[in-house]
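In what follows, a single structure is set out as C-alpha cells and then discussed.
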Amino acid sequence: MKRILIINGNSKDHSLCHSLAEAYEKGARETRNEVHLVHLSKLSFDAIFRSGYQNEQPLEPDLEHLQNEIRWAEHLVFVYPTWWGTVPALLKGALDRIFLPGFAFKYRKGNPLPEKLLKGKTARLIVTMDAPPWYYKLVYGAPGTKMMKRTVLEFCGIKPVKVTEFGPVLNSKEQQRARWLAKAETLGAQAA
C-alpha cells in the first residue's frame, strides 16, 4: 500500500487529462492505496514567480496545502498535456512556486550540487500530446518530459520517474481513448 498524490496539470476542467487522472485514481484505490487527487485548475494561486529567489513570495493556502501533500506522498503522479513542447503554464507556475529551496532542494556552502530533499519518493508522468510520441521524442527531443523528469523531479531526489505518453490525441477515436484510460487505471492498480 502506498500514499499516492495525483496532480492534474491541465487548466481545463473537462479534458482527457482529467479523465486519465481519475482512471489512475480508480485503479490505485482498487488496490487499497491511499490516494489524493489534486486538479490545479481548482486551486487559487498566482502562477507567476514574481521575484525569483531574491524576495520571498508567500505561498497561498492552496500551495501550502499542495506542499504538505507532496511531503505526505510516497509516489507522485503528474498528468498533463504537452503544449508548445512542454508543460502547461499552470503546472509550470505551480512547480516554480512550490519546489523551493528548503522544501525540494538545498544548496550547501562550497558545493555547487544541491542536497536533494525529496529523496525516497517515486513518480510517474502521464503525458498527452497531439503528435505521435515517437515523433515528439525523435524530432523534438521530448523537451517537456526531460524538463519534468531530469531538471525538476530527479534534481530534487525523486527516483525513479517513469513516463507514459498518449498520442496523438488530435483526431483520436473513442476506442483509442478508452484504451488509454484502461492503461492509466492499470498503472494506478500497480501503483506505478
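Coordinate-derived values only; no laboratory data. Here the structure is a predicted model, which is why all the values come from computation and not from measurement. FYI the Cβ positions are ideal-geometry reconstructions off the backbone, even for glycines, and counts take in every protein chain you see.
Quick rundown of the values:
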read-out: Those trypsin sites (Lys or Arg not before Pro) in the stretch 94-128 that DSSP places in a loop and that have at most 14 other beta carbons within 10 Å; value: Lys109, Lys119
read-out: Tilt relative to the chain, helix 16-30 - C-alpha long axis, 0 to 90 degrees, to 10; value: 90
read-out: 10 Å Cβ shell holding at most 12 others, DSSP loop, chymotrypsin sites (Phe, Trp or Tyr not before Pro): longest site-free stretch of the chain; value: 85-192
read-out: Antiparallel %, DSSP beta bridges [both residues in the chain], to 5; value: 15
read-out: Relative contact order (%) - criterion: Cα under 8 Å, at least six apart; region: the stretch 1-122; value: 31
read-out: FRET efficiency, 1/(1 + (r/R0)^6) with R0 30 Å, evaluated for Lys119 and Tyr53 via beta carbons; value: 0.90
read-out: Net dipole in debye of the chain [+1 Lys, Arg Cβ; -1 Asp, Glu Cβ; about Cα centre; nearest 20]; value: 740
read-out: Projected label distance in nm at Asn68 and His36, using a 7 Å step from Cα toward the beta-carbon; value: 0.8
read-out: Size of charge dipole - the stretch 1-71 - debye, nearest 20, with Cβ of Lys, Arg +1 and Asp, Glu -1, no other charges; value: 300
read-out: Folded to 0 to 90 degrees: helix 174-189 orientation relative to the chain principal axis, Cα; value: 50
read-out: Filtered trypsin sites (Lys or Arg not before Pro), the stretch 150-183: DSSP coil and at most 13 other beta carbons within 10 Å; value: Lys173
read-out: Nearest 10 degrees, 0 to 90: helix 61-72 Cα axis against the chain principal axis; value: 80
read-out: Potential lengthening between Asp96 and Lys173 on full extension [0.36 nm per residue; Cα-Cα distance subtracted]; value: 24.2 nm
